[in-house]
Amino acid sequence: MAAAVGPAGAEMGQGSKRVASTPTGAKSLTTQSLSTEGTWSPTFGVQGLDVSGYQNSVDWRQQWNMGARFAYVKASEGNYFTNSLFGSQYQGARNVGMIRGAYHFAIPNWSSGADQARYFVQNGGGWSADSYTLPPVLDIEFNPYENKTINGFYFGDTCYGMSPSQLSSWVRDFGSTMSSLTGRLPVIYTNTSWWNQCLGNPGGFGDYPLWVASYPGAFTNNAGPLPSGSWANYSIWQYSSTGPLTGDSNVWNGSYTDLVAFANAGIPYGASKAIADVAAVSPGLGKSVSGLKTGLRGGVSQGFENGAIYWTAANGAHVSSGVIRDAWGAQGWEYGQLGYPTTDIRTSSNGAQSQGYENGAIYWTAATGARVSSGPIRDAWAAQGWETGPLGYPTTDIRTASNGAQSQGYQNGAIYWTAATGARVSSGPIRDAWAAQGWETGPLGYPTTDIRTAANGAQSQGYQNGAIYWTAATGARVSSGPIRDAWAAQGWETGPLGYPTTDVKTGPNGGQSQGYQNGAIYWTAATGAHSTSGVIRDAWAAQGWETGPLGYPTTDIRTAANGAKSQGYENGAIYWTSTTGAHVSSGVIRDAWAAQGWEAGPLGYPTSDVTAANGGQSQSYQNGAIYWTAATGAHSISGVIRDAWAAQGRETGPLGYPTTNIRTAANGAQSQGYQNGAIYWTSTTGARVSAGPIRDAWAAQGWETGPLGYPTTDIRTAANGAQSQGYQNGAIYWTSTTGAQLSPNGPIRNAWAAQGWETGPLGYPTTGQYPTTNGNTAQNFQGGRIDSSPTTGTKTTLTR
């Protein structure tokens with residue numbers, strides 16, 4: 001731009017011609033045909049000039065007569081310099097009818113963009129919509145004080161010692177401050193080579209009108225390359241610093257009407273041309289009903305009978321009409337969340353319409369109406385294939401919940417988003433099941449995954465508090481809580497349980513359960529979660545499940561090395577082997593079995609369930625049984641003793657229930673007590689029942705450790721009701737008249753035997769053997785007496 005006095009009184013350089021600054025104020029130009037440059041001007045647009053304090057006398061009427069219709073006057077530099085001639089130059093241009101404005105020369109390493117913007121506005125850089133005040137200008141270009149130190153301040157290199165990102169941030173700081181102070185973003189004056197070198201040709205400045213400095217040697221109507229990162233066209237071109245006009249010569253890229261509009265509302269030529277071009281090929285819009293108007297961030301629009309056209313530097317010009325336009329209007333036009341249109345309205349073969357915007361899109365069908373699509377929900381829909389994907393068109397706008405979560409309905413489902421879960425698709429039978437749970441306000445919360453489809457066609461979807469699984473055979477089922485954790489430990493759907501076949505159900509005592517293809521899982525706060533399946537589960541079912549006597553499982557199914565299985569329950573357990581089947585173990589019988597060492601003990605696995613009879617309980621095992629009554633307690637029975645008891649009729653026989661476990665003596669003999677007697681076994685005597693008065697008499701002799709030893713026969717009952725039992729060393733005989741009398745082995749017993757035992761003339765013993773006065777031994781019988789002498793032998797005396 002035109003030179004101005006700097007911190008040391010030096011003149012600044014002008015545009016891309018790189019005018020050198022010297023202490024004396026001399027201005028040196030690069031080699032060029034100054035005479036040609038001073039007379040040539042472009043053959044289009046509106047001519048204008050820019051001046052500074054360096055032009056201390058401007059003949060404004062002359063400039064007007066030469067065709068100049070606008071002027072820019074330097075107002076300030078950095079935050080340390082103002083043009084003392086600004087007022088007279090600014091008013092002088094206006095006095096002859098020119099449209100004029102002010103510019104600020106930036107020294108970005110001196111102070112912040114906001115600071116210099118405020119300084120500029122305080123010193124002439126304001127703006128008003130009066131049709132003759134041009135928007136303010138930020139002049140940012142080559143450092144005129146490159147590598148100089150003036151008044152102790154080092155001005156840095158050609159880029160002011162700043163990085164591209166620092167310079168870009170500085171320009172935005174200046175621009176946003178100017179916008180807040182004046183209502184207008186400033187025009188950016190620069191040249192392409194410096195902008196590219198020092199800012200890296202960044203994007204994001206398309207809302208700022210461009211004033212480009214470029215002096216083509218061939219003097220054509222081509223301004224040359226632009227900083228294309230942000231601009232496709234320019235509003236003003238500075239084409240000469242040596243004439244034909246005073247100061248620097250410029251051309252407005254458009255008509256005078258466009259220039260007035262630019263002054264009044266900041267409408268760049270590129271905007272008016274683009275809107276006119278679109279209007280020319282859009283006869284359906286009808287006639288214009290308004291002039292060009294500026295909007296948000298430098299955007300421009302024009303109304304027509306059947307819609308409008310909107311333009312931004314970044315997006316170009318696009319038609320807005322019909323139902324799509326109505327929906328956009330409901331969003332607040334360009335001031336709403338969508339921003340400006342980025343595409344024209346597109347109509348598909350099915351009659352549906354859509355239009356893209358800076359922050360989303362609007363889609364319309366006759367069935368769904370017009371719906372906004374934006375943000376992370378739109379991104380997720382895009383990943384599904386937009387409207388041609390499985391979801392189809394939106395059927396609702398995006399809904400935002402009080403917790404900030406968002407959702408949008410589609411023809412075949414919906415998408416839900418939270419900051420924690422991301423955007424997730426919900427559709428099909430899984431969505432129906434989630435709906436039955438109360439959607440996102442139900443126990444599952446929001447989806448945390450999209451729907452996953454397995455190779456077998458099964459589907460699943462994760463949620464904040466669980467998941468839903470679906471197969472054609474099982475339907476859609478919810479999985480959550482401690483039951484889900486237990487299923488996970490089983491390997492999810494690829495584990496032994498397979499897919500859920502029921503939802504989680506609540507049972508007695510607050511327990512929960514869920515069925516699966518190959519079993520179920522049950523949970524209570526006291527027992528935890530445990531799976532049940534197969535033959536064990538069948539046996540539990542026969543007991544009435546958790547409402548039966550066993551209650552809930554307390555362990556998972558355990559498999560032993562031999563293939564046997566078992567599972568614990570609140571009130572017992574179930575044991576299974578391939579030979580015994582599945583049987584329940586519970587109560588006092590189970591306690592007794594536990595005392596025997598469970599299935600690893602002598603009894604082995606149960607072969608029956610616990611059965612109740614005659615007020616008692618019993619259970620059979622591979623190697624025996626356990627019987628219980630309240631009076632006798634629980635006792636195991638097995639082997640030869642059990643066989644002998646069975647021959648007596650078990651618990652319904654004369655012996656009744658066991659009262660002891662089987663006892664094994666040091667010599668290997670075994671015995672077991674019962675309510676009405678006992679059974680004794682040795683390898684030589686076999687198993688023998690001991691009961692009644694004979695047992696009492698044997699007890700008086702000291703049981704098996706007495707002189708008689710173990711029983712060798714069961715108790716025999718004669719036709720007359722008399723009883724007898726043989727022992728290793730004798731026998732005991734009983735009648736109701738004689739009582740129980742011992743007959744030990746020896747000469748007296750032999751003599752009685754010779755008489756025919758109890759069926760002989762002597763009959764039954766009426767006493768035991770006793771010593772006589774002469775030192776001999778005798779025994780009385782019903783029919784006489786037998787005496788025994790060591791010297792004379794036995795003598796039988798009959799009394800009948």
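The values are calculated or read from the model by the stated rules, or taken from the named source; none is laboratory data. All values reported here derive from a predicted model rather than from experimental measurement. Here Cβ is always computed from backbone atoms with ideal geometry, including for glycine, and neighbour counts include all displayed protein chains. The area values use the complete protein model at the heavy-atom level, side chains included, leaving out ligands, DNA and RNA. Shrake-Rupley method; radii C 1.70, N 1.55, O 1.52, S 1.80 Å.
A few notes on this one:
- Asp277 being over 50 Å from the mean Cα position of the chain (by Cα), surrounded by fewer than 24 Cβ atoms within 10 Å (Cβ to Cβ) and not β-branched (Val, Ile, Thr): yes
- Some residue of segment 274-287 being part of a helix (DSSP H, G or I), β-branched (Val, Ile, Thr), in contact with a Ser or Thr (Cβ under 6 Å, 6 or more places away or on another chain) and modelled with pLDDT of 90 or more: no
- Pick from segment 65-96, criterion outside any loop (DSSP other than H, G, I, E, B) and open to solvent by 60 Å² or more (accessible area, probe 1.4 Å), ranking: farthest from Pro108 (Cα to Cα): Asn65
- Looking at Gln337, Gln353, Gln331, just one residue is touching a Phe, Trp or Tyr at 6+ places or on another chain (Cβ under 8 Å), open to solvent by 20 Å² or more (accessible area, probe 1.4 Å) and either of a type in the set (S, T, N, Q) or modelled with pLDDT of 95 or more (or both), and that residue is Gln353.
- Residue check, Thr39 among the hydroxyl-bearing types (Ser, Thr, Tyr), open to solvent by 10 Å² or more (accessible area, probe 1.4 Å), closer than 22 Å to Asn221 by Cβ and over 60 Å from the mean Cα position of the chain (by Cα): yes
- Selection count where residues are more than 15 Å from the chain's Cα centre (by Cα) and open to solvent by less than 40 Å² (accessible area, probe 1.4 Å), scope segment 439-453: 1
- For segment 306-410, the strands (runs of 3 or more DSSP E) that sit wholly inside it and include 2 or more residues that are in contact (Cβ under 8 Å) with a residue 24 or more places away in the chain and more than 27 Å from the chain's Cα centre (by Cα) are 307-312, 316-320, 353-357, 360-365, 369-373.
- If only residues of segment 243-255 that are part of a loop (DSSP other than H, G, I, E, B) and open to solvent by less than 30 Å² (accessible area, probe 1.4 Å) are counted, the one that is nearest to Thr39 (Cα to Cα) is Gly243.
- If the condition is being open to solvent by less than 10 Å² (accessible area, probe 1.4 Å) and more than 25 Å from the chain's Cα centre (by Cα), then segment 502-523 contributes Gly511, Gly519.
- Number of residues in segment 766-782 that are surrounded by 16 or more Cβ atoms within 10 Å (Cβ to Cβ) and of a type in the set (Ser, Thr, Tyr) equals 2.
- Count of segment 209-230 residues, restricted to those that are modelled with pLDDT under 90 and either surrounded by 22 or more Cβ atoms within 10 Å (Cβ to Cβ) or more than 27 Å from Ala265 (Cα to Cα) (or both), is 5.
- Restricted to strands (runs of 3 or more DSSP E) entirely inside segment 560-633, those with at least 1 residues that are touching a residue at least 24 places away in the same chain (Cβ under 8 Å) and buried (at least 19 other Cβ atoms within 10 Å of the Cβ) are 565-569, 572-577, 581-585, 616-621, 624-629.
- Counting residues in segment 640-663 that are in a strand (DSSP E or B) and touching a His at 6+ places or on another chain (Cβ under 8 Å) gives one or more.
- Evaluated against (1) on the phi > 0 side of the Ramachandran plot; (2) over 54 Å from the mean Cα position of the chain (by Cα); (3) open to solvent by 30 Å² or more (accessible area, probe 1.4 Å), Gly183 falls short on exactly one condition, (2).
- Subset of segment 483-501 [within 13 Å of Gly519 (Cα to Cα) and open to solvent by less than 30 Å² (accessible area, probe 1.4 Å)]: Ile483, Ala486, Trp487, Gly495, Leu497, Gly498, Tyr499, Pro500
- Ser374 vs. criteria surrounded by 18 or more Cβ atoms within 10 Å (Cβ to Cβ), out of contact with any helix residue (DSSP H, G or I) (no Cβ under 8 Å at 6 or more places or on another chain) and not charged (D, E, K, R): yes
- Some residue of segment 256-272 being hydroxyl-bearing (Ser, Thr, Tyr) and open to solvent by less than 30 Å² (accessible area, probe 1.4 Å): yes
- Some residue of segment 287-297 being touching a residue at least 40 places away in the same chain (Cβ under 8 Å), surrounded by 22 or more Cβ atoms within 10 Å (Cβ to Cβ), small (Gly, Ala, Ser) and in contact with a helix residue (DSSP H, G or I) (Cβ under 6 Å, 6 or more places away or on another chain): no
- Segment 695-711 residues that are within 11 Å of Pro744 (Cα to Cα), paired with ones that are of a type in the set (S, T, N, Q) (beta carbon under 7 Å, 6 or more apart): Pro707/Gln701; Pro707/Asn729; Leu708/Gln701; Leu708/Gln728; Leu708/Asn729; Gly709/Gln728; Gly709/Asn729
- The set of residues from segment 115-168 being among the aromatic types (Phe, Trp, Tyr), open to solvent by 50 Å² or more (accessible area, probe 1.4 Å) and over 24 Å from Gly298 (Cβ atoms) comprises Phe153, Tyr154.
- Filtering segment 465-482 to residues that are in contact with a Phe, Trp or Tyr (Cβ under 7 Å, 6 or more places away or on another chain) and either β-branched (Val, Ile, Thr) or open to solvent by 50 Å² or more (accessible area, probe 1.4 Å) (or both) leaves Ile468, Thr471, Thr474, Arg477.
- Scan of segment 372-390 for residues that are within 15 Å of Gly351 (Cα to Cα) and of a type in the set (D, E, K, R), ordered by number: Glu387
- In the set (1) part of a loop (DSSP other than H, G, I, E, B); (2) open to solvent by 30 Å² or more (accessible area, probe 1.4 Å), Gly763 fails one condition alone, (2).
- Every residue from segment 176-185 that is of a type outside the set (Ser, Thr, Tyr) and either farther than 26 Å from Tyr239 by Cα or modelled with pLDDT of 95 or more (or both): Met178, Leu181, Gly183
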